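Read through the structure below, which is laid out as structure tokens, and then see the notes.
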Amino acid sequence: LAYYIQHRAMGTGLNTLGILSRETGEAREIRPKLSIMLAFKWAPDGRTIAIVGQDFKGRRGIFGIDVQTGEVSQIELSAPNTYTRLLRWSSDGRSLW
């Protein structure tokens with residue numbers, strides 16, 4: 001269960017994503033290498049979170065975060081000066097809109 005995004009200093013990469021394990025009750029934080037994080041949605045596989053944000057190259061879009069490693073991958077880039085706010089995974093986890 002991802003339960004918060006904390007912005008310590010917007011644009012600096014000090015943002016934190018809080019995750020709570022339903023199975024163990026363990027709470028932990030990951031700090032994805034993104035300068036801005038806005039909205040997020042779990043993938044059906046339970047291993048990835050899609051997050052709307054911006055990377056350190058100034059590219060805005062949707063990024064995938066591996067919840068075990070915190071590694072960030074690019075899913076889709078947005079047009080300059082725009083952000084996608086709503087995310088929805090397809091039931092098979094292969095598409096995001």
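Beta carbons closer than 8 Å, at least 6 apart along the sequence or on distinct chains, pair a first residue in the stretch 29-57 that is over 16 Å from GLN74 (Cβ atoms) and free of Cβ contacts under 8 Å to residues at least 40 places away in the same chain with a second that is open to solvent by less than 80 Å² (accessible area, probe 1.4 Å) and among the small types (Gly, Ala, Ser) for GLU29/GLY18; ARG31/GLY13; ARG31/GLY70.
Let's see how each residue does on (1) at pLDDT 85 or above; (2) over 15 Å from the mean Cα position of the chain (by Cα):
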{"position": "THR12", "(1), (2)": "no, yes"}
{"position": "TRP42", "(1), (2)": "yes, no"}
{"position": "VAL52", "(1), (2)": "yes, no"}
{"position": "TYR83", "(1), (2)": "no, no"}
{"position": "TRP89", "(1), (2)": "no, no"}
{"position": "SER95", "(1), (2)": "no, yes"}
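Count of the stretch 1-10 residues, restricted to those that are over 19 Å from ASP55 (Cα atoms) and either of a type in the set (Gly, Ala, Ser) or at pLDDT 85 or above (or both), is 1. Taken over the stretch 61-71, the residue count meeting the criterion of being part of a strand (DSSP E or B) and open to solvent by less than 40 Å² (accessible area, probe 1.4 Å) is 5. Restricting attention to the stretch 26-60, the residues that are in contact with a Ser or Thr (Cβ under 6 Å, 6 or more places away or on another chain), open to solvent by 40 Å² or more (accessible area, probe 1.4 Å) and assigned to a strand (DSSP E or B) total 2. Inspection of the stretch 70-77 finds a residue satisfying the criterion of being at pLDDT 85 or above and at positive phi.
The values are calculated or read from the model by the stated rules, or taken from the named source; none is laboratory data. Values in this document were obtained by computation on a predicted structure and should not be read as measured data. Positions of Cβ are generated from backbone atoms using ideal geometry, with glycine treated the same way; all protein chains shown enter the neighbour counts. Ligands, DNA and RNA are excluded from the accessible area calculation, which covers all protein heavy atoms including side chains. Shrake-Rupley method; radii C 1.70, N 1.55, O 1.52, S 1.80 Å.
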